[in-house]
1. So, in Å, what gap is there between the alpha-carbon centers of segment 91-157 and segment 60-88?
2. Across all directions of projection, what mean area in square nanometres is found for the Cα convex hull of segment 68-175?
3. Quick one: accessible area per residue over segment 84-170, 1.4 Å probe, rounded to a whole number of Å²?
4. When N counts the residues of segment 112-175, how does its alpha-carbon radius of gyration compare numerically with 2.2 N^0.38 Å, as a ratio?
5. Where is the GNM fluctuation largest for the chain (alpha-carbon springs, 10 angstrom cutoff): Ser107, Ser123, Ser19?
6. Cut-off under 21 Å on the C-alpha distance; same-chain residues fewer than 8 positions from Lys60 excluded. Which lysines are left, in chain and number order?
7. Quick one: compute a quarter of the convex hull surface over the Cα atoms of segment 29-112 and quote it in nm².
8. Evaluate the relative contact order of the chain (contact order divided by residue number), counting alpha-carbon pairs under 8 angstrom at least 6 apart; express in whole percent.
Amino acid sequence: TSTIARTASTAIAITFAGSIVIACSDSVSGGVHSFGDVLALLAAVAVAVYTLIGRIVREKVSTTVYTYVVYFACAFVLVLTCMVQGYALFDYGISAIIVGALLAIFSTILGHSIFSWCLKYFSPTFVSASKLCEPVVAAIFAGLLFGEVPAIPVFAGGAMILGGVLYYSKIEREM
(Lines give C-alpha, C1' and ligand atoms only; values in the text may rest on other atoms or scores of the structure.)
Protein backbone atom coordinates (compact mmCIF):
# COMPACT_ATOMS: atom_id res chain seq x y z
CA THR A 1 0.00 0.00 0.00
CA SER A 2 2.96 2.35 0.36
CA THR A 3 3.42 2.10 -3.43
CA ILE A 4 -0.23 3.09 -3.89
CA ALA A 5 0.19 5.98 -1.43
CA ARG A 6 3.32 7.09 -3.30
CA THR A 7 1.60 6.97 -6.71
CA ALA A 8 -1.46 8.74 -5.28
CA SER A 9 0.84 11.44 -3.90
CA THR A 10 2.44 11.72 -7.34
CA ALA A 11 -0.97 12.17 -8.98
CA ILE A 12 -1.92 14.85 -6.46
CA ALA A 13 1.45 16.57 -6.98
CA ILE A 14 0.90 16.60 -10.77
CA THR A 15 -2.55 18.13 -10.28
CA PHE A 16 -1.21 20.71 -7.82
CA ALA A 17 1.69 21.54 -10.18
CA GLY A 18 -0.84 22.19 -12.95
CA SER A 19 -2.63 24.64 -10.68
CA ILE A 20 0.68 26.37 -9.94
CA VAL A 21 1.46 26.62 -13.68
CA ILE A 22 -1.90 28.30 -14.27
CA ALA A 23 -1.44 30.65 -11.32
CA CYS A 24 2.06 31.62 -12.45
CA SER A 25 0.91 32.21 -16.03
CA ASP A 26 -1.10 35.26 -15.03
CA SER A 27 1.09 36.39 -12.15
CA VAL A 28 3.33 38.23 -14.59
CA SER A 29 0.59 40.83 -14.91
CA GLY A 30 0.73 41.24 -11.10
CA GLY A 31 -1.65 43.35 -9.05
CA VAL A 32 -5.22 42.21 -9.36
CA HIS A 33 -4.35 38.78 -10.78
CA SER A 34 -1.97 37.94 -7.94
CA PHE A 35 -4.59 38.98 -5.40
CA GLY A 36 -7.11 36.77 -7.20
CA ASP A 37 -4.67 33.86 -7.10
CA VAL A 38 -4.24 34.29 -3.33
CA LEU A 39 -8.03 34.37 -2.92
CA ALA A 40 -8.31 31.23 -5.07
CA LEU A 41 -5.74 29.47 -2.88
CA LEU A 42 -7.66 30.42 0.27
CA ALA A 43 -10.87 29.22 -1.37
CA ALA A 44 -9.21 25.90 -2.22
CA VAL A 45 -8.26 25.42 1.43
CA ALA A 46 -11.84 26.25 2.48
CA VAL A 47 -13.24 23.79 -0.07
CA ALA A 48 -10.89 21.06 1.18
CA VAL A 49 -12.01 21.60 4.78
CA TYR A 50 -15.65 21.73 3.68
CA THR A 51 -15.21 18.48 1.75
CA LEU A 52 -13.72 16.69 4.75
CA ILE A 53 -16.55 17.90 6.97
CA GLY A 54 -19.05 16.88 4.28
CA ARG A 55 -17.62 13.38 4.16
CA ILE A 56 -18.30 12.93 7.88
CA VAL A 57 -21.79 14.43 7.70
CA ARG A 58 -22.75 12.47 4.56
CA GLU A 59 -22.20 9.18 6.40
CA LYS A 60 -25.33 9.93 8.47
CA VAL A 61 -27.32 12.46 6.42
CA SER A 62 -28.94 12.11 2.99
CA THR A 63 -27.76 14.23 0.05
CA THR A 64 -31.10 16.05 0.00
CA VAL A 65 -30.97 17.11 3.64
CA TYR A 66 -27.28 17.94 3.44
CA THR A 67 -27.63 20.14 0.35
CA TYR A 68 -30.72 21.92 1.69
CA VAL A 69 -28.89 22.83 4.88
CA VAL A 70 -25.77 23.95 2.97
CA TYR A 71 -27.75 25.95 0.38
CA PHE A 72 -29.89 27.63 3.05
CA ALA A 73 -26.80 28.56 5.08
CA CYS A 74 -25.08 29.96 1.98
CA ALA A 75 -28.17 31.96 0.96
CA PHE A 76 -28.50 33.34 4.49
CA VAL A 77 -24.82 34.42 4.60
CA LEU A 78 -25.07 35.93 1.10
CA VAL A 79 -28.17 37.98 1.94
CA LEU A 80 -26.69 39.06 5.27
CA THR A 81 -23.42 40.08 3.59
CA CYS A 82 -25.29 42.08 0.94
CA MET A 83 -27.30 43.87 3.62
CA VAL A 84 -24.22 44.66 5.74
CA GLN A 85 -22.28 45.87 2.68
CA GLY A 86 -25.24 47.94 1.46
CA TYR A 87 -25.75 46.09 -1.84
CA ALA A 88 -29.21 45.87 -3.37
CA LEU A 89 -30.85 42.45 -3.49
CA PHE A 90 -33.07 43.28 -6.47
CA ASP A 91 -33.28 45.55 -9.53
CA TYR A 92 -30.44 44.00 -11.53
CA GLY A 93 -32.50 43.29 -14.64
CA ILE A 94 -33.69 40.20 -16.45
CA SER A 95 -30.25 39.15 -17.70
CA ALA A 96 -28.94 38.93 -14.13
CA ILE A 97 -31.95 36.82 -13.15
CA ILE A 98 -31.35 34.46 -16.09
CA VAL A 99 -27.63 34.15 -15.34
CA GLY A 100 -28.40 33.58 -11.65
CA ALA A 101 -30.95 30.89 -12.49
CA LEU A 102 -28.51 29.16 -14.85
CA LEU A 103 -25.79 29.25 -12.20
CA ALA A 104 -28.21 27.84 -9.64
CA ILE A 105 -29.25 25.01 -11.95
CA PHE A 106 -25.93 24.02 -13.49
CA SER A 107 -23.30 25.00 -10.94
CA THR A 108 -25.22 24.36 -7.77
CA ILE A 109 -27.85 21.69 -8.36
CA LEU A 110 -26.04 19.73 -11.07
CA GLY A 111 -22.53 20.51 -9.85
CA HIS A 112 -22.35 20.92 -6.11
CA SER A 113 -25.11 18.40 -5.36
CA ILE A 114 -23.28 15.73 -7.35
CA PHE A 115 -20.10 16.36 -5.36
CA SER A 116 -22.15 16.11 -2.14
CA TRP A 117 -23.64 12.81 -3.31
CA CYS A 118 -20.16 11.51 -4.22
CA LEU A 119 -18.85 12.15 -0.69
CA LYS A 120 -20.78 9.13 0.55
CA TYR A 121 -19.27 6.80 -2.06
CA PHE A 122 -15.81 8.17 -2.85
CA SER A 123 -12.90 9.35 -0.75
CA PRO A 124 -12.80 13.06 0.08
CA THR A 125 -9.38 13.20 -1.60
CA PHE A 126 -10.86 11.99 -4.89
CA VAL A 127 -13.82 14.38 -4.65
CA SER A 128 -11.47 17.30 -3.89
CA ALA A 129 -9.16 16.37 -6.76
CA SER A 130 -12.16 16.15 -9.10
CA LYS A 131 -13.19 19.67 -8.13
CA LEU A 132 -9.93 20.90 -9.64
CA CYS A 133 -11.41 20.08 -13.05
CA GLU A 134 -14.01 22.85 -12.63
CA PRO A 135 -11.80 25.76 -13.74
CA VAL A 136 -10.42 23.71 -16.62
CA VAL A 137 -13.92 22.94 -17.88
CA ALA A 138 -14.91 26.59 -17.32
CA ALA A 139 -11.94 27.68 -19.48
CA ILE A 140 -13.05 25.29 -22.22
CA PHE A 141 -16.57 26.75 -22.13
CA ALA A 142 -15.14 30.30 -22.13
CA GLY A 143 -13.22 29.42 -25.28
CA LEU A 144 -16.21 27.81 -27.00
CA LEU A 145 -18.86 30.33 -25.94
CA PHE A 146 -16.94 33.61 -25.80
CA GLY A 147 -13.87 33.02 -27.94
CA GLU A 148 -11.54 33.59 -24.99
CA VAL A 149 -8.36 31.69 -25.72
CA PRO A 150 -6.08 31.19 -22.72
CA ALA A 151 -2.30 31.52 -22.90
CA ILE A 152 -0.19 28.42 -23.67
CA PRO A 153 0.85 27.92 -20.00
CA VAL A 154 -2.83 27.77 -19.04
CA PHE A 155 -3.34 24.98 -21.58
CA ALA A 156 -0.33 23.14 -20.16
CA GLY A 157 -1.52 23.59 -16.57
CA GLY A 158 -5.03 22.48 -17.50
CA ALA A 159 -3.64 19.36 -19.17
CA MET A 160 -1.59 18.62 -16.04
CA ILE A 161 -4.67 19.03 -13.84
CA LEU A 162 -6.79 16.73 -15.99
CA GLY A 163 -3.94 14.23 -16.28
CA GLY A 164 -3.36 14.23 -12.52
CA VAL A 165 -7.07 13.75 -11.77
CA LEU A 166 -7.36 10.93 -14.32
CA TYR A 167 -4.23 9.29 -12.94
CA TYR A 168 -5.56 9.59 -9.40
CA SER A 169 -8.95 8.13 -10.39
CA LYS A 170 -7.12 5.13 -11.92
CA ILE A 171 -5.19 4.65 -8.66
CA GLU A 172 -8.37 5.06 -6.59
CA ARG A 173 -10.10 2.29 -8.58
CA GLU A 174 -7.18 -0.03 -7.85
CA MET A 175 -7.33 0.58 -4.07
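The values are calculated or read from the model by the stated rules, or taken from the named source; none is laboratory data. On a predicted model such as this, the values are computed, not experimentally measured, just so you know. When we count neighbours, we look across all protein chains shown, and the Cβ atoms used for this are built from the backbone with ideal geometry, even at glycine. In case anyone asks, the SASA skips ligands and DNA or RNA and just uses the protein heavy atoms, side chains included. Shrake-Rupley method; radii C 1.70, N 1.55, O 1.52, S 1.80 Å.
1. 19 Å
2. 9.3 nm²
3. Here the per-residue accessible area is 66 Å².
4. 1.27
5. Answer for the Gaussian network model of the chain: Ser107.
6. Qualifying lysines at Cα under 21 Å: Lys120.
7. One quarter of the hull surface, i.e. the mean projection, equals 7.6 nm².
8. 51 percent
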